[in-house]
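Asker: Okay, here's the structure, questions in a sec.
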Amino acid sequence: MDIFEKLLKHMGPIGEHSNRAHGYFAFPKLEGEIGPRMNFRGNEKIVWSLNNYLGLANHPEVRATDAKAAADYGLASPMGARMMSGNTNYHEKLEKELSDYMGKEDTTLLNYGYQGIMSSIDAICNRRDVIVYDAECHASIIDGLRLHQGHRYVFKHNDMDDLEKQLKRAEELSKTNGGGILVITEGVFGMAGDQGKLKEIAALKDKYEFRFLVDDAHGFGTMGKTGAGTGEEQGCQDKIDLLFNTFAKSGASIGAFISGDKAIINYLRYNSRSQIFAKSIPLPIVIGHLKRVELMRKHPELKAKLWSNVNKLQQGLRDRGFNIGSTNSPVTPIYLQGDIPEATAMCLDLRENYNIFCSIVVYPVIPKGQIIYRLIPTAAHGDEDIELTLEAFTQTKAKLDKKEYKVAEIPMV
């Protein structure tokens, strides 16, 4: 059989809708300056789909730094992987700045968050080790687990009783295998917006022998007194052995980093395949990261404005009777009931008649019959954006409840 034959017959659970969804519900094109209002198909929309939490994407100092660094160095420099010929003083300076910010001994940069966390897990664990992880961990972590040749145990989301159950199993197996245990969770879960129970997990280190890795992609810059993340928020940053973060959200850029004890970070520096065999992060991005970190640390009003908008949006939704779950972060889900065609018809109405652009999540990401709109408030949004959005959702939910969005298939746009 031709290996491509099965691909053409079965596009996958999301891809099966591509002929009707592509360009509108999937792979849409937002145009113009990144911000709370952008153009979609020629019309201005209020946008709630960008993880530009602190509004840094178009901050004048960020734009000026990015432009000057690109002019000074171009995107080619440095050439080669860092281990071979791609290291610079700027890369090392950024790592030192991040280590100080995170309260850790050392940090190593990662080209991308997705491949970075995968490669870190792969470098840390061998076939004798056991991984215990939260059931709601991000796809990048799950893909990292797929690389793991040893055993892994999943615990129910944020369920400490079940975590202990899995830790007991892991301890028994690790003693037999002669390996260790790595526990993985997230600081802020990007879909539901609830924080991982970092403090409770860290406390279990007194009872069980394990190391603790936290993916705090959504917490970096948004959580904690200084923005150092969810560990800082919960008062347990020092108990986290490895702290993974990305620049793709609050940093409004690309790339990631992992921080921890110096000896362990140095091991990762020399053993993470995604970095050893990949070109170094270009200098304009590294220099731009330095400016972003500086702004995060010196301008707490950015985070304060973000949280002012978060509280206005989330309280407004609650006051209007919407179910936003147990979020305690800027991530703002709206839980509704309906099938995929209904969800897309409602989304179409929001975009075309209310000028609201936000992301919808449907089966197979969540169970059939459910709809989640995920809104990401930022420091750049204004009160008018929030009020117009609250009213739009109030009106469209009423239509959804009246079955006005019942259609046979996804609308062709």
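The values are calculated or read from the model by the stated rules, or taken from the named source; none is laboratory data. Keep in mind that this is a model prediction, so the values were computed, not measured. Positions of Cβ are backbone-derived with ideal geometry, glycine not excepted, and every protein chain shown enters the neighbour counts. We work out accessible area using only protein heavy atoms, side chains counted, and drop any ligands, DNA or RNA first. Shrake-Rupley method; radii C 1.70, N 1.55, O 1.52, S 1.80 Å.
Asker: When the distances between all Cα atoms of the chain are binned every 10 Å from zero, what whole-number percent does each bin get?
Answerer: It works out to 4, 20, 28, 27, 17, 3, 0, in whole percents.
Asker: Projected onto the charge dipole of region 1-146 (+1 at Lys/Arg Cβ, -1 at Asp/Glu Cβ, origin at the Cα centre), which of Ala70, Gly144, Met38 gives the Cα projection farthest towards the positive end?
Answerer: Positive-most Cα among the choices belongs to Met38.
Asker: For region 251-310, what D do you get in µm² per second when you plug the Kirkwood radius from alpha-carbon pairs into Stokes-Einstein at 37 °C and 0.692 mPa s? Can you show the working numbers first?
Answerer: Details: Rh = 14.0 Å.
D = 234 µm²/s.
Asker: Along the charge dipole of region 128-242, which of Ala170, Gly229, Tyr133 sits closest to the positive end, that is, farthest toward it, with unit charges on the beta carbon of Lys, Arg, Asp and Glu (+1, +1, -1, -1)?
Answerer: The residue sitting most towards the positive pole is Ala170.
Asker: Turning to a different aspect of this structure: Please go through region 26-61 and write out the trypsin sites (Lys or Arg not before Pro) that DSSP classes as loop and that have at most 12 other C-beta atoms within 10 Å. Show your work: numbers first, answer last.
Answerer: Working: sites: Lys29, Arg37, Arg41, Lys45; in loops: Lys29, Arg41.
Here the trypsin sites (Lys or Arg not before Pro) that fit, given the DSSP loop and packing criteria, are Lys29.
Asker: Taking N as the number of residues in region 280-336, what is its alpha-carbon radius of gyration divided by 2.2 N^0.38 Å?
Answerer: Numbers: Rg = 16.6 Å, N = 57, 2.2 N^0.38 = 10.2 Å.
Compared with the compact-globule rule of thumb, region 280-336 sits at 1.62.
Asker: Within the chain, which is the longest segment that contains none of the chymotrypsin sites (Phe, Trp or Tyr not before Pro) sitting in a DSSP loop with at most 13 other Cβ atoms within 10 Å?
Answerer: Numbers: sites that count: Phe4, Phe277.
The longest uninterrupted stretch comes out as 5-276.
Asker: Quick check: at a probe of 1.4 Å, how many percent of the accessible area of the chain sits on carbon and sulfur atoms? Present the calculation step by step, with values, prior to reporting the outcome.
Answerer: Numbers: 9940 of 19250 Å².
Carbon-and-sulfur percentage of accessible area, whole number: 52.
Asker: Checking the a/c ratio against 1.5 first, then a/b against b/c, what shape does the Cα gyration tensor give for region 322-406?
Answerer: Details: a/c = 1.92, a/b = 1.25, b/c = 1.53.
Oblate.
Asker: Can I ask one more? Accessible area per residue for the chain in Å², computed with a 1.4 Å probe and the full protein assembly in place, what is it?
Answerer: Details: 19250 Å² over 413 residues.
That works out to 47 Å² per residue.
Asker: Ok, one more. Scan region 316-413 for GluC sites (Glu not before Pro) in coil per DSSP, keeping those whose Cβ has at most 14 other Cβ atoms within 10 Å, and list them by number.
Answerer: Hits after loop and neighbour filter: Glu404, Glu409.
Asker: Okay, moving on. Would you mind working out the magnitude of the charge dipole of the chain relative to its Cα centre, with +1 at each Lys and Arg C-beta and -1 at each Asp and Glu C-beta, to the nearest 20 Debye?
Answerer: Details: 51 positive and 53 negative charges, 87 e Å.
For the chain, the charge dipole is close to 420 debye.
Asker: Moving to a separate point now. Work out, in µm²/s and without decimals, the Stokes-Einstein translational diffusion coefficient of region 165-310 at 25 °C, 0.890 mPa s, Rh from Kirkwood over C-alpha pairs. Working shown, then result.
Answerer: Numbers: Rh = 16.9 Å.
Result for D is 146 µm²/s.
Asker: Looking at region 217-299, which trypsin sites (Lys or Arg not before Pro) are DSSP coil and have at most 13 other C-beta atoms within 10 Å of their C-beta? Please list the in-between numbers first.
Answerer: Working: sites: Lys225, Lys239, Lys249, Lys262, Arg269, Arg273, Lys279, Lys291, Arg292, Arg297, Lys298; in loops: Lys225, Lys249, Lys279.
For trypsin sites (Lys or Arg not before Pro) across region 217-299 that sit outside H, G, I, E and B with at most 13 neighbouring Cβ atoms in 10 Å, the list reads Lys225.
Asker: Continuing with this model, one more query. Using 7 Å Cα-to-Cβ label points, what is the Thr226/Gln370 separation (nm, one decimal)?
Answerer: Result: 3.7 nm between the two label points.
Asker: Is it possible to state the helix-based mean residue ellipticity at 222 nm for the chain, with each DSSP H run of 4+ residues giving -39500 (n - 2.57), the sum divided by total residues, to the nearest 500 deg cm²/dmol? What is it? Could the numbers behind the result be given before it?
Answerer: Working: 15 runs with 170 residues, N = 413.
Computed mean residue ellipticity for the chain: -12500 deg cm²/dmol.
Asker: Compare the Cα positions of Ser119, Ser308, Tyr335 along the charge dipole of the chain (+1 at Cβ of Lys, Arg; -1 at Cβ of Asp, Glu; about the Cα centre) and return the one farthest towards the positive end.
Answerer: Selected residue: Ser119.
Asker: Ok, one more. Which net charge results for the neighbourhood of Thr107, defined as the other residues with beta-carbon distances under 12 angstrom from its beta-carbon, given Lys and Arg at +1 and Asp and Glu at -1?
Answerer: Values: positive: Lys93, Lys96, Lys104, Lys262, Arg269; negative: Glu92, Glu95, Glu97, Asp100, Glu105, Asp106, Asp261.
Once all neighbours under 12 Å are counted, the net charge is -2.
Asker: Something else now. Excluding Asn58 itself, calculate the net charge of residues whose Cβ lies under 11 Å from the Cβ of Asn58, where each Lys or Arg counts +1 and each Asp or Glu counts -1.
Answerer: On the way: positive: Arg63; negative: Glu33, Glu61, Asp66.
So the surrounding residues net to -2.
Asker: When Lys and Arg each count +1 and Asp and Glu each count -1, what net charge do the other residues less than 12 Å away from Leu306, Cβ to Cβ, add up to? All intermediate terms of the calculation are to be shown ahead of the outcome.
Answerer: On the way: positive: Lys249, Lys303, Lys305, Lys312; negative: Glu301.
Local charge sum for Leu306: +3.
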